[in-house]
Each structure stands twice: as C-alpha cells, then as structure tokens.
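Novice: I'd like to ask some things about the structure below.
The values are calculated or read from the model by the stated rules, or taken from the named source; none is laboratory data. Given the structure is predicted, the values throughout are model-derived calculations rather than measurements. All Cβ positions, even for glycine, are placed from backbone atoms using ideal geometry, and neighbour counts span all protein chains on display.
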Amino acid sequence: MSSWSEEQQPLRLVEQTKQKDDPDPKALACYGMLLRWMASEEIAMEKMLLRFVDGRPVSAITIQFLEWACQEVEQLGHSVLVMIWDNASWHVSQIVQAWVREHNRTVKRSGTGVRLLIRSLPVKSPWLNPIEPKWVHGKRRIVEPVATLSRQDLADRICAAFKCQHLDHLVIPENVS
C-alpha cells in the first residue's frame, strides 16, 4: 500500500497479530454505496452510505442493506436507484435476485418506493466501479501502522474518513445460517 509519509522515512506497515483473549472479531465487514446524483443542471452531488455488519456478509444482510439504501434514496426524492456491483456471492445469490424482483414488482404495483436497477461489473474489472478509488483512499486515511485498532475505533475512523454517520450494525437474522 502506498501512502504519504515523512521525507526520507517510508511508511512501513507490519501485519499485526491479535491477542488470543481479544473480544473483537478478526475482521469487520462493511457494505458501502457511493450515491451520485444531479441536484441541478450544474451541481453534481455525492454521498457515501456505509453500514457495518455483525458477522459475515450474506444474502439476508444484503437485503437489509438494500432496504435501508432504498429508504435513503427515497428521502433524497428519487424513485430509481441504479446500482453497479461486483460478483460477490451475497450480491448474485438467488435469494437476493428474487428479493429485488419482488421489491420492484411491489414498487410498480403501489406506485411508491424506490425501484432498483442493478448492473454487474465485468468479472475482474473493479476499476470500472466509481467506489473503488474511494475505498483505496479511505484505507490510506484509516491505516494504523503500529497498532491493532479495536472494532469500535476502526468503525469510527472509517465513518470519519467517509464523512458518514455510524449507524447500528446490520445483524444476521437468527433463522438464517
């Protein structure tokens, strides 16, 4: 990873090891979405939406994230959310695809809500997704070269780096494994 550092003193990142009695999980999963829209003919707007996950990203969590994202987009006054995402298993699962189809049918029938238009990136082409540079620069802003951050400190740094609110974490429903 490249990063800014003092002249003649390159930044050295050392893989940190967790203490055996550390209560924090080894990793912190995070869903992120870069919203872009035109506020007027001349003014482009951008907002990062983040939600952390207790556990691992699975289809049930993806659906929770999509429901929340639709609410956020509706509050901005829009009726369609065009999403570009990669081929992660929790994105392309049959459960998520079925939920999106049913969600769009419900929105069309009721005439209210946000319709989802989902497009997949070509495999192995992450640079085509406009959120990727945001992730790269965000990682540079939160990195801690000499210590292991607690789960809370890491989440706080991420939210500060992306100027977003730290909301309650998404949780895997108990009836999902």
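Novice: List every residue pair whose Cβ atoms sit under 8 Å apart, with the two residues 6 or more apart in sequence or on different chains, where the first one lies in segment 30-59 and is over 20 Å from Cys70 (Cβ atoms) and the second, anywhere, is part of a strand (DSSP E or B) and among the β-branched types (Val, Ile, Thr).
Specialist: Cβ pairs passing all conditions: Asp54/Val171; Gly55/Val171.
Novice: Could you tell me whether Lys108 is without any contact (Cβ under 8 Å) to a residue 60 or more places away in the chain and either over 18 Å from Ile84 (Cα atoms) or over 22 Å from the mean Cα position of the chain (by Cα) (or both)?
Specialist: Considered against the rule, which asks whether it is without any contact (Cβ under 8 Å) to a residue 60 or more places away in the chain and either over 18 Å from Ile84 (Cα atoms) or over 22 Å from the mean Cα position of the chain (by Cα) (or both), Lys108 comes out as yes.
Novice: So how many residues does segment 41-74 have that are small (Gly, Ala, Ser) and modelled with pLDDT under 90?
Specialist: So the answer is 1.
Novice: Scan segment 142-177 residue by residue and report those that are exposed (fewer than 14 other Cβ atoms within 10 Å of the Cβ) and touching a helix residue (DSSP H, G or I) at 6+ places or on another chain (Cβ under 6 Å).
Specialist: Scanning segment 142-177 gives Pro173, Val176.
Novice: Next question. Restricted to segment 60-69, and to residues that are of a type outside the set (D, E, K, R) and under 14 Å from the mean Cα position of the chain (by Cα), which residue is farthest from Pro173 (Cα to Cα)?
Specialist: Ala69
Novice: In segment 76-121, what residues are among the charged types (D, E, K, R) and modelled with pLDDT under 95?
Specialist: Result: Asp86, Arg119.
Novice: State whether one or more residues within segment 160-173 are closer than 22 Å to Leu28 by Cα, assigned to a helix (DSSP H, G or I) and either modelled with pLDDT of 85 or more or among the small types (Gly, Ala, Ser) (or both).
Specialist: Looking for residues that are closer than 22 Å to Leu28 by Cα, assigned to a helix (DSSP H, G or I) and either modelled with pLDDT of 85 or more or among the small types (Gly, Ala, Ser) (or both), one finds at least one in segment 160-173, hence yes.
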